[in-house]
Each structure stands twice: as C-alpha cells, then as structure tokens.
1. Pairs of alpha-carbon atoms within less than 8 angstrom and 6+ residues apart define the contacts here; what relative contact order does the range 26-117 have, in percent?
2. Which whole-Hz couplings ³J(HN,Hα) result when phi for each residue of the range 14-20 is put into the Karplus expression 6.51 cos²θ - 1.76 cosθ + 1.60, θ = phi - 60°, listed in order with x for Gly and Pro?
3. For ARG113, what accessible surface area do you get with a 1.4 Å probe? Give it in Å², rounded to 10.
4. How much accessible surface area, in Å² rounded to 10, belongs to the heavy atoms of PHE77 with a 1.4 Å probe?
5. Spin-label point model (7 Å from Cα, Cβ direction): what's the LEU131 to ASP108 distance in nm?
6. Give the calculated FRET efficiency between GLU39 and GLN17 to the nearest 0.05, with a Förster radius of 30 Å applied to their Cβ-Cβ distance.
7. Suppose each label sits 7 Å from its Cα in the direction of the beta carbon; what would the GLU9-TYR54 distance come out to in nanometres?
8. When the solvent-accessible surface of protein heavy atoms is calculated with a 1.4 angstrom probe, in what order do ASP33, ASP169, ASP153 fall, highest first?
Amino acid sequence: MSDRIGLRERKKRRTKQALIEAAIRLFDEKGYDSTTVAEIAAAAEVSPATFFNYFAAKDEVVFADDVLYDGLLQEAFAGRSADEQPEDLLLRTIRQLSTADAWSFPFDHELTRIRARLIATVPALRAGALLRNASLQQRLAHALREAYPAELDALHAAALTGALVGAIDAAMHSDLDGTDREPTTEAVLQAAEIALRGRR
C-alpha cells in the first residue's frame, strides 16, 4: 500500500513539475498574456482539467514554490545555535534556501532566470510578487522576533528582514538580459551579505 502511495505521489510531483516547466517556457516564448491554460496543459501532455487540479490560475504556476518557504524557514530556524546572532541566522537561512533540493529547479537554472525576467516584466506577475514578498517578509520578521525576544523589537526585526527580502529581490532581477551575469546563487548570497553586514 505504501509503495502505491509513493508511486502516486511521485507521479503527482512529475506532473506538477511538467506543468511548471511548460508554462514558464511558453510564457517566455509566446508571452504571458498570450499563453492559455489549454496550451500549457497540451505542452505538459495533460488535460486542462488536470492543470486545474494543481493550479487555480496560470499565474499560480509562476509562484508554485511559494508554499515551500514556511517549511524551509522553520527548518533553518530550528537549527539556531545559542550564540548565533540574528544577522548570522538570516544569512545561514538564505544559504540553506538557495541550495535546497525542494525547489522546482535550482537557483542557477535557466528557468529560474526566465521566471525572474517574467516577474520583472509582466505587470500582473510583478504585482503578485510584491504582495507575496511583503507577506514573506512579515512572516520572517515574526519568526526572527520570536527567536530573539530579548534582543529584537518589532521595528528591528522588520528592518532586518525587509532589507534582506528587498536585496534578494534585487539580486534575482538584476541584469535580466543575462549578459555578464554571475550565478544566481552567488548574487543572492552577496546581496544578503550587503543588506545585513554592509558593503564588503
């Protein structure tokens, strides 16, 4: 029975991954507004009804990995040592997130860069990303303040996490033409260092 459940879950993950990859490639080739759900489903070799089993609308495909953040953040914060400072905890968290296996594709993958370009250039996606980033920053600030109740007040926690989220967003969307670009992981880690420790 467990083997059957495992097989079913692997098949669901493969289908979801196929939909995400097909959607992002089509958005890049045809344009976000010009791409239909039916075309995404056909490219992933599933029915439109199957698409809606995974996503309520086509914009959700671009943000499919957002559901992973809370679990990954919780895991990183759970590993905090007694002498780890807030800035160190945040930097370690970003390092863990940037190399996590859970994402649909790695930070340095071609489709990560295409996704970043779509978010930067499609108004509907940019608006969605801003709302999601604001929500993530609030949750991260709350978790940071809970981790350091004696050291951080709400303003300090919000300032640290706001600077971090803003810097990472900037790193993900810088040099979107792809010329002379360093790997996304390195850009993200460098931006996080600058935000939390200042220019080095």
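The values are calculated or read from the model by the stated rules, or taken from the named source; none is laboratory data. Quick caveat, the model's predicted, so the values are computed rather than measured. Heads up, the Cβs are rebuilt from the backbone with ideal geometry, glycines too, and the neighbour counts pull from every protein chain shown. Heavy atoms of the whole protein, side chains included, go into the accessibility calculation; ligands, DNA and RNA do not. Shrake-Rupley method; radii C 1.70, N 1.55, O 1.52, S 1.80 Å.
1. Relative contact order for the range 26-117 comes out at 18 percent.
2. Karplus-based 3J(HN,Hα) across the range 14-20 equals 5, 5, 4, 4, 5, 5, 5 Hz.
3. 80
4. Counting only protein heavy atoms, PHE77 exposes about 30 Å² to solvent.
5. Going from the LEU131 label point to the ASP108 one covers 3.5 nm.
6. 0.95
7. For GLU9 paired with TYR54, the spin-label model returns 1.7 nm.
8. These residues rank, largest area first, as ASP33, ASP153, ASP169.
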